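Below: one structure, written as structure tokens.
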Protein chains: 2
Amino acid sequence: MIEPVELMRLAIKKAIEGIDAGQSPFGCTIARGDDVLAISHNTVVATTDITAHAEINALRLGCKTTGQIHLEGCIVATTCEPCPMCMAALHWARVETVYFGASIADADAAGFNELQVPAADVLKIGGSKVALVGDVLSAECRDLFKRWLERSDRIVY
Amino acid sequence: MIEPVELMRLAIKKAIEGIDAGQSPFGCTIARGDDVLAISHNTVVATTDITAHAEINALRLGCKTTGQIHLEGCIVATTCEPCPMCMAALHWARVETVYFGASIADADAAGFNELQVPAADVLKIGGSKVALVGDVLSAECRDLFKRWLERSDRIVY
């Protein structure tokens, strides 16, 4: 089984690729056992699609890769705490565990129009079975915002 | 300006089209002034995409139609109270007002694996400016679940 930290490194690498291509600083990966099913970065700007967060892109790719709408037994690594859109999407997909690095507060500080709802609250209030683990390579994940903030062509939303 | 009830009728009509094509019973429309920017039904099953709820499809289409990631000044009619994924997506898109018919409890009763988080709570806890109005043609919207439950080929998720 691929280790969560290893999966997070792939997500960080993909997020950097996205930043360098003018996208916002988020990456997400999905794996089942040894198989990496999806590696995606945010493409809101590139595809003019406000829903194209890294997690949504990864879920769509994971569904396509497996031919299934449910990704049971999968683990997910995402460079930032999922917003309620992404956390609920991960619930719908029935993934097993979601590992994240930076926090919603970090994304908010970088200028994003975040809903102030912790991912853990979405799961707890909603009665979800999805497990959530934060603070995975969080310093490296926070550095993604720094890298992005250095770009003069960045677009915030 | 197109009236919310009129916009909801278009969403209901689209949802029926979806049900008759084997999709789950949800429809969503987006308008700005007199212009209807998007009319979509849920395509989770058709496209093997767990994120393809009616509202997400409508937002993606609305972004494509306008060439913009933000849909400010838009009103949205959706046949069912948005789940947290869809409610947060509508927040990200900065729509003005969301009108809905049936409730999350109705979708839950029909068998969907709903997170038990009212859309109003996502907005209130999150500090969103999006306005939300329920109970619009709710009887007609609840009838969509009845129509869908009569189909032997229905897929719940």
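Since every read-out is calculated from the coordinates, none of them should be taken as a lab result. As the structure is a computational prediction, the values presented were derived from the model and not from experiment. Note: ideal-geometry Cβ built from the backbone for every residue, glycine included; neighbour counts use all protein chains shown.
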Checklist entry - So what is the 222 nm mean residue ellipticity for chain B from helices alone, if each DSSP H run of at least 4 adds -39500 (n - 2.57) and you divide by all residues, rounding to the nearest 500 deg cm²/dmol? => result -13000 deg cm²/dmol
Item to check | Long-range amide H partners of residue B:99 with built H, under 5 Å | outcome: B:76, B:77, B:78, B:133
Checklist entry - Between residue B:157 and the same site in the other copies, what are the distances in nm, shortest first, taking label points 7 Å from Cα along the C-beta direction? => result 2.2
Next on the checklist: Nothing charged except the Cβ atoms of Lys and Arg (+1) and of Asp and Glu (-1): what's the magnitude of the dipole of region B:67-121 about its Cα centre? Round to the nearest 20 debye.
Outcome noted: 180 debye
Next on the checklist: Would you work out the Kirkwood radius for the protein assembly as shown? I mean one over the mean of 1/r across all pairs of different Cα atoms, in Å.
Outcome noted: 19.2 Å
Next on the checklist: Distances in nm, one decimal, shortest first, from residue A:20 to the same residue in every other copy, taking the label point 7 angstrom along Cα→Cβ.
Outcome noted: 5.2
Item to check | Label 7 Å beyond Cα on the Cβ vector: residue A:109 copy-to-copy distances, nm | outcome: 4.7
Checklist entry - Remind me, what semi-axes does region B:50-115 give for its equivalent ellipsoid, largest first in whole Å, using sqrt of 5 times each Cα gyration tensor eigenvalue? => result 23, 12, 9
Item to check | Electrostatic dipole magnitude of the protein assembly as shown [Cβ: Lys, Arg +1; Asp, Glu -1; Cα centre; debye, to 20] | outcome: 280 debye
Checklist entry - Under the classification rounded if a/c is under 1.5, otherwise prolate if a/b is larger than b/c and oblate if not, where does region A:1-78 fall, given a ≥ b ≥ c as square roots of the Cα gyration tensor eigenvalues? => result oblate
Checklist entry - Once the other residues with Cβ under 12 Å from the Cβ of residue B:114 are scored (Lys, Arg +1; Asp, Glu -1), what is the net sum? => result -3
Checklist outcome for this item: Toy charge model, Lys and Arg Cβ at +1, Asp and Glu Cβ at -1: region A:1-112 dipole around Cα centroid in debye, rounded to 20, equals 240 debye
Item to check | Scattering curve values for region B:1-45, log₁₀ I(q)/I(0), Debye with Cα scatterers, q = 0.29 Å⁻¹ | outcome: -0.93
Item to check | Projected area averaged over orientations for region A:72-157, convex hull of C-alpha atoms, nm² | outcome: 5.6 nm²
Checklist entry - What's the angle, to the nearest 10 degrees (0 to 90), between helix B:4-20's Cα axis and the longest principal axis of chain B? => result 30 degrees
Checklist entry - Convex hull over the alpha-carbon atoms of chain A: what's its volume per residue in Å³? => result 94 Å³
